[in-house]
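Each value in this text was obtained by applying a stated rule to the coordinates, not by laboratory testing. Quantities reported herein were computed from a predicted structural model and do not represent experimental measurements. All Cβ positions, glycine included, derive from the backbone under ideal geometry; neighbour counts span all protein chains shown.
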Amino acid sequence: MAITAFTGAAAPTTNQPTRHGRIAFLLLLPGIAYLVLFFIVPLVSLVITSLEAPSTVYGAYVYGFEWQNYADVIGQYGEQIGRSFLYAVLATVFALLISYPLAYFIGVRMRSKPVLQSFLVILVIAPFFISFLLRTLAWKQILSDEGPVVSALKALSILGPQAHLTGTPFSVVFGLTYNFIPFMCLPIYTTLERLDLRYLEAGSDLYASPAAVFRRVTLPLSLPGVVSGTLLTFIPAAGDYVNASQEFLGGTSSTMIGNVIQSNFLVQLNYPAAAALSILLMAIILVIVGVYVKRSGTEDLL
Amino acid sequence: MTLQEGAVLSREVAREEQSGAPKARRSPFTLGRWLLPTYSVLALVFLLVPIVYTIVFSFNSSVKSNIAWRGFTFRNWFTVCDQPGVCQAFGNSILIGVTATVLATVLGTLIALALTRYRFRGRAAVNLLIFLPMATPEVVMGAGLAAQFLSAGIDKGIGTIIIAHTMFCLSFVVVTVKARASSLDPALEAAGADLYGSPTVVFWRVTFPLLLPGILAAALLSFSLSFDDFIITYFNAGAVNTFPTYIYTAATRGIPASANVIATAVFVLAIVAVVTSSVIGRMRARRLRPPG
């Protein structure tokens with residue numbers, strides 16, 4: 001179920017639309033109107049909010065063209081912005097390193113055992129069915145100072161006696177990686193599961209080493225899955241504020257842009273700053289995604 | 001080379017491959033043969049550790065905070081709703097999830113039908129509009145909607161959460177149903193029309209039943225997205241608690257074990273549903289397969 005959703009965008013449309021008419025318009029109207037009203041208009045109102053100037057009343061703002069807001073938030077939160085993208089890239093890379101072999105194992109090696117294969121797929125999507133906040137909190141307990149991981153690492157002298165895992169950049173990236181593995185694994189699995197194994201045979205018949213077959217045949221053919229998986233990981237990871245929140249895995253030195261937006265909007269009621277940061281986050285992501293999709297040559301994904 | 005010679009030669013080659021070649025080719029793989037399964041099992045264990053932790057701690061005989069293990073008990077399971085707020089939040093989540101799923105599934109299916117079955121101008125723009133919410137970080141959508149509700153003077157509550165959830169589920173419904181609709185064989189509809197079915201009859205008797213698995217999958221996906229959403233919800237919830245916002249706010253003072261109980265129950269139900277549907281699907285596929 002979830003699988004089709006993640007790679008459906010990359011699936012080619014086989015039967016071309018043949019009829020046209022007013023019906024199409026009627027079918028589109030309600031849904032498109034909904035998205036315009038509750039997706040586009042909010043983005044516009046974010047842009048307007050981001051340019052507002054403070055008024056005399058606390059938490060109230062007046063319309064204006066305060067471009068200074070953007071300069072202010074970049075100056076004030078540049079560190080958190082950079083950190084968010086660094087963490088997101090790290091989490092994406094780690095999630096890919098964990099997910100690709102797993103997806104390959106389930107999608108290619110397990111093909112001869114369909115029952116086991118679908119069982120393993122269910123294990124991969126199992127995290128979707130249990131609250132991700134509770135899973136993250138479970139890691140917090142496991143990685144806590146009294147938890148088994150820290151005591152084991154201390155016994156092995158890998159960690160110093162005063163060291164922590166929770167509240168560090170390590171645990172934030174760890175949490176992000178963990179939370180997005182299913183999102184990375186499923187699209188890759190879907191492309192690998194459809195991969196025609198005869199191409200691999202053809203490769204080795206042409207005297208390619210297994211590594212060369214992988215690099216020249218398997219990897220390019222699974223690229224659409226890798227691209228959607230990395231996007232489904234990178235985008236939400238860059239804006240996440242749960243893992244980096246101090247009640248979860250983060251600390252004061254690992255705050256991400258999501259935390260800053262949240263606290264500005266919901267705690268400090270500094271709506272212009274929160275809006276400016278949101279617009280910046282979205283703009284940076286769109287640029288990165290645009291370049292990435294262009295370079296990976298899978299533009300039909302959009 | 002005559003035919004026989006060719007046959008003999010190919011038999012020789014085949015024998016050669018059976019005896020020597022496979023061993024030579026297999027030897028560099030022996031490490032790989034064990035490496036990949038081991039790695040995959042470790043990755044799956046990593047994926048499942050917090051799930052097991054959450055389930056196990058639903059049986060913890062905890063007093064206030066459910067952090068240290070204090071012994072096994074079933075008590076939490078019988079006193080789920082004793083903790084103030086947990087069941088209320090859970091009920092809200094169900095109500096919001098069901099409403100948002102119905103709305104998003106209807107709206108999204110209509111769009112998916114238009115995209116797969118009709119030619120129209122502005123198609124690229126529609127596709128982009130569907131893709132954008134999936135490419136926007138949740139915190140941006142959450143802040144945007146909250147800013148909009150703020151400037152429109154709308155009070156946050158269950159209604160605003162439903163509006164937000166319908167919005168982000170919509171794109172996922174379109175993509176899921178579209179994938180199903182574009183894999184349908186157009187010949188089936190043509191056959192329906194050949195048998196004098198009117199377009200309406202063909203749609204309801206042929207197309208819709210074929211689309212139904214995709215629509216159901218989309219609805220399930222919507223519900224699970226809505227049920228587990230925290231970031232957008234937190235921006236638009238006001239004083240209302242959903243199950244995830246309850247956990248988030250309770251995290252500072254310690255999560256009661258009843259949260260684990262609810263999460264575990266939902267998890268078990270969902271897994272049972274998924275396994276059942278996959279077994280049914282397998283049985284149906286076997287029945288439809290032509291004999292022989």
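Quick notes
- Peptide A:171-178 shows a mean partner chain C-beta count of 1 within 10 Å per residue C-beta.
- Added length on full extension, which subtracts the Cα-Cα distance from 0.36 nm per residue, B:Ala191 to B:Asn127: 20.0 nm
- The charge dipole of chain B, taken about the Cα centre with unit charges on the Cβ atoms of Lys, Arg (+1) and Asp, Glu (-1), comes to about 500 debye, rounded to the nearest 20.
- Under conditions of 20 °C and 1.002 mPa s, chain B yields 89 µm² s⁻¹ as its translational diffusion coefficient, taking Rh as the Kirkwood radius over Cα pairs in the Stokes-Einstein equation.
- For the pair B:Val56 and A:Ala155, a Förster radius of 25 Å applied to the C-beta separation gives a FRET efficiency near 0.60, rounded to the nearest 0.05.
- In the range A:148-212, chymotrypsin sites (Phe, Trp or Tyr not before Pro) in a DSSP loop with at most 10 other beta-carbon atoms within 10 Å: A:Tyr207
- Three semi-axes of the equivalent ellipsoid, the range B:141-189, Cα gyration tensor, whole Å, largest first: 36, 9, 7
- Peptides A:34-42, A:91-99 ordered by packing proxy, namely the average of other Cβ atoms within 10 Å per residue, highest first: A:91-99, A:34-42.
- Helix-only [θ]222 nm of the protein assembly as shown, DSSP H runs n ≥ 4, -39500 (n - 2.57) each, per residue, nearest 500: -23000 deg cm²/dmol
- What the Cβ-Cβ distance of B:Ser278 and A:Ala163 gives, at R0 = 35 Å and to the nearest 0.05, is a FRET efficiency of 0.20.
- Net charge dipole size for the protein assembly as shown [Lys, Arg +1 and Asp, Glu -1 on Cβ; Debye, nearest 20]: 1580 debye
- Partner shielding of B:176-185 amounts to 5, given as the average count of beta-carbon atoms from other chains within 10 Å of each residue beta-carbon.
- Positive-end ranking of A:Leu133, B:Ala257, A:Tyr104 along the dipole of the protein assembly as shown, with charges on Cβ about the Cα centre, is headed by A:Tyr104.
- Separation of the range A:16-94 and the range B:118-165, taken as the distance between their Cα centroids, equals 9 angstrom.
- Residue-by-residue Karplus 3J(HN,Hα) for the range B:230-246, coefficients 6.51, -1.76, 1.60, Hz, glycine and proline x: 10, 4, 5, 4, 4, 6, 10, 8, x, 8, 7, 9, 9, 4, x, 5, 4
- Rounded to whole Å, the principal axis extents of the Cα atoms in the protein assembly as shown read 99, 72, 53, largest first.
- Of the GluC sites (Glu not before Pro) in the range A:142-247, the ones in a loop by DSSP (not H, G, I, E or B) with at most 13 other beta carbons within 10 Å are A:Glu146.
- Taking chymotrypsin sites (Phe, Trp or Tyr not before Pro) across the range B:95-202, the ones in a DSSP loop with at most 10 further Cβ atoms lying within 10 angstrom of their Cβ are B:Tyr196.
- For A:114-120, mean number of other protein chain Cβ atoms within 10 Å: 2
- Packing-based order for B:179-190, A:116-127, using average beta carbon neighbours within 10 Å, highest first: A:116-127, B:179-190
- Sequence-ordered 3J(HN,Hα) estimates for the range A:211-228 from the Karplus curve with 6.51, -1.76 and 1.60 and θ = phi - 60° stand at 5, 5, 4, 4, 6, 9, 10, 4, 4, x, 6, 9, 4, x, x, 5, 5, 5 Hz, glycine and proline given as x.
- Unit charges at the beta carbon, dipole of chain A: most positive-side option, A:Pro220, A:Ala88, A:Pro169: A:Pro220
- Virtual paramagnetic centre 7 Å along Cα→Cβ of B:Tyr39, amide N under 14 Å, in the range A:177-195: none
- With Cα atoms, 0 to 90° folded angle of helix B:208-228 axis to chain B main axis: 40 degrees
- Charging the Cβ of each Asp and Glu at -1 and of each Lys and Arg at +1, and nothing else, the dipole of the range A:28-301 about its Cα centre rounds to 820 debye.
- Relative to one another, the C-alpha centroids of the range A:103-150 and the range B:194-228 are positioned 31 Å apart.
- Whether chain A is rounded, prolate or oblate, judged on the alpha carbon gyration tensor where a/c under 1.5 counts as rounded: oblate
- Per-residue Karplus couplings for the range A:261-267, computed as 6.51 cos²θ - 1.76 cosθ + 1.60 with θ equal to phi - 60°, are listed in order as 4, 4, 6, 5, 7, 9, 9 Hz, Gly and Pro entered as x.
- Kirkwood Rh in Å, taken over all unlike Cα pairs in the range A:170-302: 17.3 Å
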